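Data first, discussion second: the structure below is written as structure tokens.
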Amino acid sequence: MSFVVQPQAMHFDGPLALRSGASISGYTLAYETYGALNAARSNAVLVCHALNASHHVAGVYEGQPGSEGWWDNMVGPGKPLDTDRFFVIGINNLGSCFGSTGPADIDPATGRSRGADFPVVTVEDWVEAQALLLDRLGITRLAAVMGGSLGGMQALSWPIQYPDRVAHAVVIASAPNLNAENIAFNEVARRAIVTDPDFHGGHFYEHGTVPKRGLRIARMIGHITYLSDDVMNTRFGRELRDAVAYKYTTQDVEFQIESYLRYQGDKFSEYFDANTYLLITRALDYFDPAAAYGGRLADALAGCQTRFLLASFTTDWRFAPARSREIVRALLDNRLDVSYAEIDAPHGHDAFLLDDPRYLNLVRAYFGRVAAEVGAA
Amino acid sequence: MSDISTYRLLSQMIPRGARVLDLGCGDGTMLDLLARERGCTGYGIEIDDANVLACARRGVNVIQRNLEDGLDLFDDRAFDVVLQLDTLQHLRNAETMLRETARVGRIGIVAFPNFAHWPNRMAILRGRMPVTRRLPYQWYDTPNIRVGTFKDFDALARRNQLRILDAFGLQDGREVRWLPNARAGTAVFRFEAMPG
């Protein structure tokens, strides 16, 4: 049984200076909190979200049992990140389509949707915005920051940007930057969206259209990369949808996997904003803390005082274990406290959202230590 | 060998405040002991999921890694001490790992079951492979893919240009310095890479 939560919103007059040189003012961040902040304000944990998620990390909304948080198996009372001990915060990133100011919102200066004019935001910008929200909540130091995939990049960026504000960073199924193959997948997804005739240069809101075709394809590509070959074969194999013989058509859905991908694509195109997808995939492409240090990640992490837990999954080929080991190596070079688990899970990249007991128990054990340390027992 | 008295005895060999890498650190007992009683810091390398979890519970830094994949995560001389406690006998690349131990650590400490211990010799004389407290496995079902003796290690160390700083046996939680090859179930070596 899940617990009931309520989304909140915090408005900032700004301006927030972005890495691109642009700035944004008069923006809102959607967020949720779970559990209670202790008297010492020492038990706050920020959970950063990945590509298509939001501030709704855990729990359900009143009267909507289907509105379960995206990390409900991880976060909640008695869960690995235990909200009976920790004050957990989920913040929707700037540029999103789930409550924080994003491209679909009206720009008060022009009275029209920002669309493609919404400034490009980076992982570092998101961290800055999250820090401002934490300031308002009176949280100067996090017991931990945690995230998987793109959320893991934020969790890695936090100790670089705010070394004295984070005691622990939990970075799961992530990478210190995207490799060319990953950027290539993102580019194909973006091209699918921007070449959709309904995209209208990003100002499709005014045309009363949505580039659904592009979004569908973008999601299909993404989805393929989140799963492992084994999982796909186990779940779908070469099974046909409704016939034992081929129909000899290239237009119809014949294989189960086609049906599944189309379903996922359709669902996604119903709720996700095309401009947000473009922005978020670009933020993924740009993330590279080592870039400012001649590609030396160890140098980028030199000022960190945070202790780290990293986990990767053996079948994750999009954010492969080798990428996590690069981070581990850079932390070791700095003699920082780090633990690293390479979970032998079959699910591919998606494993970070699933119920693998080795993985969940590890996070539980780690947060058990953090709880003892911050007096959140 | 995993009894706490043995760990305590071995911990006396490790300088206070040393940076330690524990290869095959198990549940993290040794690193935990070294942190609490000797003010040491460092990391364990471990492959087993349950042990990695146990380390996390103890708050010991652990890197999940197959030692057969090498120690390329670590620079030369990154550690004051590298431990291989009951690890060597499980490794396919035992000789490479020994050289790696001497590369990443200023000193290495290796402990492994001494096959030349007299009860083992007796078993062999009776014509059977030994099954003892220290080597509790049947010959056909043992994780110990390397069995060696005190003298064997000595020869291996020399072959790999390691300078042996100390060598002794352990038996019943005590040091054995007289005839350790016959009188001790565990062989312990402290060594460093020869300069040059």
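The values are calculated or read from the model by the stated rules, or taken from the named source; none is laboratory data. It should be emphasised that the depicted structure is a prediction, and the values quoted were computed from it without experimental measurement. Neighbour counts run over all protein chains shown; Cβ positions are idealised from the backbone, glycine included.
Laid out as a table, the results:
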quantity	calculated
Unique match (being assigned to a loop (DSSP other than H, G, I, E, B), in the same structural domain as A:G95 (by the TED database) and of a type in the set (A, V, I, L, M, F, W, C)) among A:A30, A:A39	A:A39
Residue list for the stretch A:202-226, restricted to those being among the β-branched types (V, I, T) and closer than 15 Å to A:H349 by Cα	A:I221, A:I224, A:T225
Any hit, the stretch A:47-63, residues being exposed (fewer than 15 other Cβ atoms within 10 Å of the Cβ) and farther than 30 Å from A:G375 by Cα	yes
Test: residue in the stretch B:100-107 that is touching a residue at least 24 places away in the same chain (Cβ under 8 Å), closer than 24 Å to B:L53 by Cβ and within 14 Å of chain A (Cβ to nearest Cβ)	no
A:F236 vs. criteria free of Cβ contacts under 8 Å to residues at least 24 places away in the same chain, surrounded by 11 or more Cβ atoms within 10 Å (Cβ to Cβ) and in the same structural domain as A:R213 (by the TED database)	no
Any hit, the stretch A:62-73, residues being in contact with a Phe, Trp or Tyr (Cβ under 6 Å, 6 or more places away or on another chain) and more than 28 Å from A:P108 (Cβ to Cβ)	yes
Failed item in (1) closer than 28 Å to A:I193 by Cβ; (2) in contact (Cβ under 8 Å) with a residue 40 or more places away in the chain, with A:D230 passing the rest	(1)
Residue within the stretch A:262-275 that is among the aliphatic types (A, V, I, L, M) and touching a Gly at 6+ places or on another chain (Cβ under 7 Å) present	yes
A:V194 being free of Cβ contacts under 8 Å to residues at least 60 places away in the same chain, hydrophobic (A, V, I, L, M, F, W, C), surrounded by fewer than 20 Cβ atoms within 10 Å (Cβ to Cβ) and more than 11 Å from A:L46 (Cα to Cα)	no
The listed residue being without any contact (Cβ under 8 Å) to a residue 24 or more places away in the chain and either away from chain A (no Cβ under 11 Å) or touching a Pro at 6+ places or on another chain (Cβ under 7 Å) (or both), out of B:G44, B:G39	B:G39
Helices (runs of 4 or more DSSP H) within the stretch A:128-236 that include 1 or more residues aromatic (F, W, Y), more than 25 Å from A:A9 (Cβ to Cβ) and at pLDDT 95 or above	A:180-194
3 or more residues more than 14 Å from the chain's Cα centre (by Cα) and surrounded by 22 or more Cβ atoms within 10 Å (Cβ to Cβ): qualifying strands (runs of 3 or more DSSP E) within the stretch B:38-150	B:62-64
Matching residues in the stretch A:333-362 - criterion: being assigned to a helix (DSSP H, G or I), crowded, with 21+ Cβ neighbours inside 10 Å and at the interface with chain B (Cβ under 9 Å from one of its Cβ atoms)	A:L362
Odd one out for B:L10 among (1) assigned to a loop (DSSP other than H, G, I, E, B); (2) more than 22 Å from A:L331 (Cα to Cα)	(1)
